[in-house]
Amino acid sequence: MAAVCDICAKKPGFGNNRPWSRKITKRRFNPNIQRVRATVNGAPKRLNVCTGCLKAGKVSR
């Protein structure tokens, strides 16, 4: 499952791990994606939605 929100298209961000030893390795910041059952055009449908969209009320459950 891709870490992409179906509502706002929020995707993973990328950065670096920077430990004390300064050995840099790439890392990935995934958005908090929840699989919810929402009504789309009057019919229930399963969507991958980030918690920001859920809290903002952009999805009717």
Response to the item:
Of all chymotrypsin sites (Phe, Trp or Tyr not before Pro) in the chain, the ones in DSSP coil with at most 13 other Cβ atoms within 10 Å are TRP20
Worksheet item: With each label point set 7 Å from Cα along the Cα-Cβ vector, what nm distance links ASN17 and LYS45?
Response: 3.8
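Give the Rg/Rh ratio for the chain, taking Rg as the radius of gyration of the Cα atoms and Rh as the Kirkwood radius, to two decimals.
On the way: Rg = 15.7 Å, Rh = 13.2 Å.
On the Cα set of the chain, Rg over Rh gives 1.19.
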Worksheet item: Cα to Cα, under 30 Å, and not fewer than 8 places away if on the same chain: which lysines meet these conditions relative to LYS58?
Response: LYS10, LYS11, LYS45
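In percent, what relative contact order does the chain have, based on Cα pairs under 8 Å that are 6 or more apart in sequence? Walk me through the numbers before you get to the answer.
Values: 91 pairs, mean separation 18.9, N = 61.
It comes to 31 percent, rounded to a whole number.
Read-outs: derived from the displayed coordinates by stated rules, not from any lab. Since the structure is predicted, the reported quantities are computational estimates derived from the model, not experimental observations. Here the Cβ is made from the backbone with ideal geometry for all residues, glycine too, and neighbour counts use every protein chain on show.
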